[in-house]
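What follows is calculated from the coordinates using simple rules that are stated; it is not laboratory data. Remember, it's a predicted structure, so these values are computed and weren't measured experimentally. Positions of Cβ are backbone-derived with ideal geometry, glycine not excepted, and every protein chain shown enters the neighbour counts.
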Amino acid sequence: MTMNDSLILLAEDDPNDEDLIRLALSESGVHYCLDVVHDGVEVIDYLFATGIHGGRDRARLPRLLLLDLKMPRMNGLQVLQVLRRVRVGDGIHLPPVVALTSSNEDHDINEAYHWGAHSYICKPVGFEEFSRCVQQVAHYWLELNRPPQSHGRAEVMAGV
Amino acid sequence: MWPGCFLLPGCEAPSTTMSRSPIQVLLVEDNPIDCRLIRGLLEQQPSATFSVRCADRLHSAHEQLRSSPADVVLLDLTLPDTSGLETFEQLHRHHGHLPIVILTGVEDEILAATAIEHGAQDYLIKGQVDRSSLARALRYAIERKRGAEAIHRLNEELEQRVLERTRELTASNRELEAFCRSVAHDLRAPLRAVDGFSQALEPYSQQLGEQGRGYLRRVREAIQRMALMIDAMLKMSSVARCPMRRQSVDLSAMAHQVIAELESASGGPPVEWVVAAGLHTWGDAQLLWMALENLLGNACKFSRHERYPRVELGSDGPGAFFVRDNGVGFDMAYADKLFGPFERLHGDKFEGIGIGLATTERIISRHGGRIWAASVPGQGAVFHFTLPEKTGGSPPRGRLP
């Protein structure tokens, strides 16, 4: 992996799911590198380079945020609500957010979209399907999808 | 005196009333002679238990009752401002809690019966009552009214309690449903881990040996089965709580569509489908589709081993339908297990996890209908079900085997 590989930020508190996602991504053929955070507070710290991620290189922007909804301290929906408040001109570039969660509840799906998720995926139970699903997401958002290149990035990508 | 009375809380024994304070009587009577006479009868009681006030018009009776209450009203029906049963009705309407005894010169059995039916405590004829019978009539009237009021109050309390219980039950049902849903969700994550990591063992399969690989295969088969069960549980729970969108549904047309899908998915021998024309109901199309899919799919599955499989959808009468097949059937001894979730009467001979009929039963009962089945092993099975016929209608009660 090089610095030119697309950076994925994975927010996932279940170490099993984390490893399974790593396994799936490693077989995806997509050039990526992966940073993992384990709860909602850490997602915010990472994206805004604060708290335990205070020393992070702000120039290194994730191209994709894979967001679990059920996490300790601050859940995925709350993370989306915080990101929603970021305005154009704040100088913070937010990646597209894909909710990747076990929940298949209409309420969670609707809320996630309401607060600005760009996509919602229910983790399949079978690993083959799960793996295929993670690979398709990576392929679509990192290779097919073209993000905006300069100003207005926060606006478009965060769906504000 | 009133044995039944002691069963009713709030109902005091008459003796207590007597010894405590005089019974307040409002006498509504416009004839001054009658008035004096009746007052005399009551106030000359040996123990002086009655205190009598008089009103000569209905209007003033209302006013007196408003300013100071009475225990009982002794009412003449013929007054300057009103007459007949209307006199009683007017007073009763405004003072429903008050026992009213009619004392009139009109000897009319039909009027008497009507007055009692409308809530009068007694109907006495002037000149036919003496000191003791009048006193007794008034005391009994008070106690009877008290008993009736207590029963009324108890009934209201009971209704209130039933309402509260129902609310509690509904709430705990909802809680249980939510709990099951969240458990089902939470089970998916560890299951995904088992499936994923057992698959990650693939590169080590040479080291596992033949037997080890067999075990691993069985682990993964069990996981797939459990995943299906969890999804089915979640689906069944959503069938029970999703909002119903009722509309007119052409069951015959829907059955033809379901059959087309079943045909394209199955690879067995051709099934002879018989669908009666013009079967209609009023219900949720999406749920009814699932029900038909389960019933027709089951019929097809369990008759597939026949030489000439035949499945029929028909009607038993208005709002009553059936799905019949000529397949393996089932032993009626297990008929009550058919609709339980994850119950399977045929073991592993047929695929499936035993959730279809449980889901179907929920769908039919959400429509207010019933479903039951009959069979002779080896001679096929028939599933009867009832559904509403039209808007706002309820399905026929249906027969039980």
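Here the protein assembly as shown is treated as an ellipsoid with the same Cα gyration tensor; its semi-axes, largest first and in whole Å, are 77, 38, 21.
Considering only DSSP beta bridges with both partners in the protein assembly as shown, what is the antiparallel share in %, to the nearest 5? The answer is about 35 percent antiparallel. Out of all DSSP beta bridges with both ends in chain B, state the antiparallel percent to the nearest 5. The answer is about 50 percent antiparallel. Relative contact order of chain B, taken over Cα pairs closer than 8 Å and 6 or more residues apart, is 10 percent.
DSSP beta bridges fully contained in segment B:17-166 are about 5 percent antiparallel.
Considering only the other residues whose Cβ falls under 15 Å of the Cβ of B:Ser60, what net charge follows from Lys and Arg at +1 and Asp and Glu at -1?
Around B:Ser60, the charge tally is -3.
Compute the Rg to Rh ratio over chain A from the alpha carbon atoms, using the Kirkwood formula for Rh, and round to two decimal places. Answer for chain A: 0.93. Can you give the net charge of the other residues whose Cβ lies under 13 Å from the Cβ of B:Gly40, counting K and R as +1 and D and E as -1? With Lys, Arg at +1 and Asp, Glu at -1, the net is -1. Hey, what D do you get for segment B:132-232 in µm²/s if you plug the Kirkwood alpha-carbon radius into Stokes-Einstein at 25 °C and 0.890 mPa s? Stokes-Einstein gives a translational diffusion coefficient of 124 µm²/s.
As an exercise, use a Förster radius of 41 Å and the Cβ-Cβ distance of A:Leu144 and B:Ile353 to find the FRET efficiency, rounded to the nearest 0.05. Numbers along the way, then the final one.
On the way: r = 37 Å, r/R0 = 0.91.
Computed FRET efficiency for A:Leu144 and B:Ile353: 0.65.
Its residue count N fixes a reference of 2.2 N^0.38 Å for chain B, and the Cα radius of gyration divided by that reference is 1.73.
What percent do you get for the relative contact order of segment B:266-387 when only Cα pairs under 8 Å and 6+ apart count? Each step should come with its number before you reach the end.
Working: 219 pairs, mean separation 34.4, N = 122.
After rounding, I find 28 percent.
Of all the C-alpha pairs in segment B:245-386, what % are more than 20 Å from each other? Before the final figure, lay out each step's value.
Values: 4216 of 10011 pairs.
Percent of Cα pairs beyond 20 Å in segment B:245-386: 42.
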